[in-house]
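Working notes, structure below.
Read-outs: derived from the displayed coordinates by stated rules, not from any lab. These numbers come from a predicted model, not from an experiment. Methodologically, a virtual Cβ is constructed for each residue, glycine included, from the backbone with ideal geometry; neighbour enumeration extends over all protein chains shown.
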Amino acid sequence: MDDDLTNEATYEHARSRDRLIASSLTRRRLLQASAGAGLAMGAGPVLARPARADDPPIVKPLPPELFIVHGSNAEMRWEAMRGQGYFTPADRFFVRNHVATPRIDVRTWRLKVWGTGLRGSPALENAVEFSYEDLLALPAVTRTVTIECTGNGRALFTRQQGQQVSGTPWLLGAAGVARWRGVPLAHVLERAGITERAVDVMPRGLDADYVDGGENLGRVRRPLPVEKALDDVLLAYEMNGRPLPPDHGFPVRVVVPSWVGIASIKWVGDIQVSDTPLFSPWNTRYYRLFGPDHPPEGSAPLTRLSLKSAFELPWDARLPHRREHRLTGRSWSGNGRIRRVEVSTDGGATWRPAVLRGPRAEHGWVQWEYRWRRPRPGAHELLARATDETGATQPDTTPFNTLGYLFDAVARHPVTVV
Ligand SMILES: Nc1nc2c(c(=O)[nH]1)N[C@H]1C(S)=C(S)[C@@H](COP(=O)(O)O)O[C@H]1N2
Ligand SMILES: [Mo]
């Protein structure tokens, strides 16, 4: 069924129109960019203009009915997915910005591929370069992929487990599924001359340096093992059939199927390919599990996403007293497809199956619904519990880790019937 969504041949005929839109958009951007040429200073020629102190960190509108804003990040309200199709529209897709969305001039933008894992070991100054047009001209693929922040659900460590964790207190809205179109990273690495000696591949964003507690950690970057980089990773330039929106990585982002969101570097400017292992703060001090159950240097760097379910309802929803409520939601797993979803409306005492609907893409989610009959007036907790194709089921609690990553326990969604 998901072939309809992910199979390039099936999808291709619908593409011609979108491609026209994309290329006219590119032309328009090129014109706009030349009008503004000369403004770019300090930050180098790639930025359409230098960041200003009063620039909002996120470019797109963040209407309160769609988003909960957490500083430079915006969480999708789950009720905004009710009645939507399989994909998360770009207008409500969550945004996780370490700093701020940069405005990139696609005319001067280049992807620079460099390092000791390439033939001739080029340094960054002698990198193999690809322009936007170069990438658009290469054979494209389209993949349905969930992007989810590793800390999605973090607020539930505190709400449900009484544990203090640090980081953005997301409920469950730091996840979305889109159709990403672009060039396989493998293809670009091969063209750049990757050798057998390459072990790690590190894409880096063009957003400003990330400063944590006064310490400048440089630009957002995180290594991928070469096995994953050559497997199913995309250099995406389209999201849901349109050029990437600025907040989601325009002109090009990395999309790493089934892996934690931090792997999917936005606004990629260069990719280091190395014959020795690479490190960055994003695979050493962040995106590992820390705490009493882990070694001092933390767990191994996190890779796959965990298992989650969400109701398409406001948190603390007030539902009118009716004979029946049609509850809807979605479940997803970094291990693959969802096999089963069960719902409990009595706090977890009894469970009944939800009905799964629509596509089940390997790296996407599944939609489901459940008829809640004769709900009594008063406060309730709604629970949804998914099982994936590996047999993994959402547990009652998630083991504590100080940074609040990979929450996978069943969420207890509060609602009041009035
Ligand atoms: N360059 C860059 N890439 C980035 C980030 C960032 O701040 N800068 N945030 C990462 C994190 S932590 C997540 S969860 C995803 C979020 O992607 P989205 O904002 O398109 O939803 O982007 C990742 N890629
Ligand atoms: Mo993230």
(message) How much of the pair distance distribution for segment 177-217 lies past 14 Å, counting alpha-carbon pairs only, in percent?
(response) 69
(request) Determine by what factor the alpha-carbon radius of gyration of segment 53-153 differs from 2.2 N^0.38 Å, reporting the quotient. (result) 1.44
(request) Find how much the distance from Arg304 to Asp134 grows on full extension, using 0.36 nm per residue of separation minus their present alpha carbon separation; answer in nm with one decimal. (result) 58.1 nm
(request) Return one number: the angle in degrees, 0 to 90 and rounded to the nearest 10, between the long axis of the Cα atoms of helix 8-35 and the longest principal axis of the Cα atoms of the chain. (result) 60
(message) Could you work out the percent of alpha carbon pairs in segment 308-417 separated by over 21 Å, rounded to a whole number?
(response) 35
(request) On each of the three principal axes of the Cα atoms of segment 129-198, give max minus min coordinate, whole Å, ordered largest first. (result) 51, 30, 18
(request) Pop the C-beta distance of Gln84 and Thr276 into the FRET formula with R0 = 60 Å and round what comes out to the nearest 0.05. (result) 0.85
(message) Assuming 0.36 nm per residue, please report the length gained on full extension of the stretch Arg352 to Arg326 beyond their Cα-Cα distance.
(response) 8.0 nm
(request) Report the semi-axes of the equivalent ellipsoid for the chain in whole Å, largest first, where each axis is √(5λ) for an eigenvalue λ of the Cα gyration tensor. (result) 37, 24, 21
